[in-house]
Amino acid sequence: MNWRAAGCGVLGIAIFVGIGLLGMAVAFRSEEGCPSSRLLWADRTYLAEGTPAPSPAFAVEGPAADIGSTFMGLTTRRVLGPPGSSPSTAAADRPGSVALDCANGTFQTYTWDGVTHTPSQLPGSPVAAAASAPKTRA
């Protein structure tokens with residue numbers, strides 16, 4: 001057995017694994033703060049209201065309801081709704097106002113912009129391109 005070749009192989013594997021772990025640590029690191037202008041949550045866009053506050057702020061009194069989560073890079077953040085709201089995958093069942101946990105002890109409130117984005121409405125989608133293509137008669 002060639003010890004020099006075995007040592008180089010072990011060293012190569014260790015460096016490869018080390019770089020991979022470092023890359024994963026950087027990718028999964030949670031960024032603090034919230035988007036300052038808008039929040040994309042599933043097929044809805046919510047616009048920011050005011051500045052982050054120490055607790056979720058809704059027009060209705062009572063404890064905020066945990067209604068789901070959304071991706072912020074490679075991490076997820078809790079989305080809270082007004083008291084009495086419940087989790088739902090259907091856009092029509094989601095509240096018009098939500099609060100996002102900013103991961104730094106504050107919560108940013110967002111209000112729905114009134115448009116539900118379906119795949120046919122997203123710019124650049126094949127469905128949108130086909131719908132906007134000029135119609136010709138043969």
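Just to verify a result, which residue in region 69-83, among those that are open to solvent by 80 Å² or more (accessible area, probe 1.4 Å) and of a type in the set (A, V, I, L, M, F, W, C), is modelled with the lowest pLDDT?
Across region 69-83, the extreme among qualifying residues is Leu74.
Residues are listed down the side, and each one gets a yes or a no for (1) at pLDDT below 85; (2) of a type in the set (D, E, K, R); (3) more than 20 Å from Cys34 (Cα to Cα):
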{"site": "Gly62", "(1), (2), (3)": "no, no, yes"}
{"site": "Ile67", "(1), (2), (3)": "no, no, no"}
{"site": "Leu100", "(1), (2), (3)": "no, no, no"}
{"site": "Asp113", "(1), (2), (3)": "yes, yes, no"}
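Being surrounded by 13 or more Cβ atoms within 10 Å (Cβ to Cβ) and among the polar types (S, T, N, Q) is the requirement here; does Thr109 meet it? If you could, list the steps in order and put the result at the bottom.
Numbers: surrounded by 13 or more Cβ atoms within 10 Å (Cβ to Cβ): yes; among the polar types (S, T, N, Q): yes.
Yes; evaluated as a whole, the condition is true for this residue.
Yes or no, residue by residue, for (1) polar (S, T, N, Q); (2) open to solvent by 50 Å² or more (accessible area, probe 1.4 Å); (3) without any contact (Cβ under 8 Å) to a residue 60 or more places away in the chain; (4) closer than 21 Å to Pro83 by Cβ:
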{"residue": "Ala27", "(1), (2), (3), (4)": "no, no, yes, no"}
{"residue": "Pro35", "(1), (2), (3), (4)": "no, no, no, no"}
{"residue": "Leu40", "(1), (2), (3), (4)": "no, yes, yes, no"}
{"residue": "Asp43", "(1), (2), (3), (4)": "no, no, no, no"}
{"residue": "Tyr46", "(1), (2), (3), (4)": "no, no, no, yes"}
{"residue": "Gly50", "(1), (2), (3), (4)": "no, yes, yes, yes"}
{"residue": "Pro54", "(1), (2), (3), (4)": "no, yes, yes, yes"}
{"residue": "Ala57", "(1), (2), (3), (4)": "no, yes, yes, yes"}
{"residue": "Pro63", "(1), (2), (3), (4)": "no, yes, yes, yes"}
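Is it true that some residue in region 18-38 is at pLDDT 90 or above, touching a Pro at 6+ places or on another chain (Cβ under 9 Å) and among the β-branched types (Val, Ile, Thr)?
So far as region 18-38 goes, no, none of its residues is at pLDDT 90 or above, touching a Pro at 6+ places or on another chain (Cβ under 9 Å) and among the β-branched types (Val, Ile, Thr).
Can you give me the number of residues within region 84-95 that are loosely packed, with under 13 Cβ neighbours inside 10 Å and over 16 Å from the mean Cα position of the chain (by Cα)?
The initial filter retains those residues of region 84-95 that are loosely packed, with under 13 Cβ neighbours inside 10 Å, namely 84, 86, 89-90, 92-93.
Filter once more, so that each one left must be over 16 Å from the mean Cα position of the chain (by Cα): 84, 86, 90, 92-93.
Of the residues in that region, 5 qualify.
The values are calculated or read from the model by the stated rules, or taken from the named source; none is laboratory data. Predicted model only: the values in this text are computed from it and were never measured. FYI the Cβ positions are ideal-geometry reconstructions off the backbone, even for glycines, and counts take in every protein chain you see. The protein model used for the area step is the full one, side chains on, heavy atoms only, and it has no ligands, DNA or RNA in it. Shrake-Rupley method; radii C 1.70, N 1.55, O 1.52, S 1.80 Å.
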